[in-house]
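What follows is calculated from the coordinates using simple rules that are stated; it is not laboratory data. Since this is a predicted model, take the numbers as computed values, not measurements.
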Amino acid sequence: MSQAQPPVTHSAGWITQTYISFAVALSSLAIGIAYLPGDPWKRAFLAVSALYAVTSSISLAKTVRDQHESSRVVARVDEARFERLLAEHDPFKAPA
């Protein structure tokens with residue numbers, strides 16, 4: 001039977017780089033919108049749209065992660081049930 005996979009852990013450097021990258025991208029977007037020529041209401045609309053896109057992408061990433069983790073838990077429970085059935089099965093026992 002297959003072995004359980006250890007949980008994936010990220011290094012502190014990777015986590016720091018991810019946070020810094022997100023902060024740089026978000027701040028450069030904000031600066032770009034702030035210095036965009038045009039009416040203030042157009043810049044405000046772009047800013048709200050950008051914030052909506054960011055929050056939606058975070059929610060999407062969390063949902064995909066949660067679905068993946070739940071399918072892994074279900075698969076592990078099913079595998080444990082199958083292992084228990086195999087352990088309890090006696091091929092030489094007559095059916096009742």
Once phi is turned into θ = phi - 60°, what whole-Hz ³J(HN,Hα) does the Karplus curve with 6.51, -1.76 and 1.60 give for every residue of the stretch 35-45, x standing for Gly and Pro? 8, 5, x, x, 5, x, 5, 5, 5, 5, 4
Extension gain (nm, one decimal) between D78 and A34, 0.36 nm per residue minus Cα-Cα: 10.5 nm
Taking max minus min of the Cα coordinates of the chain on each principal axis, largest first, gives extents in Å of 85, 31, 10
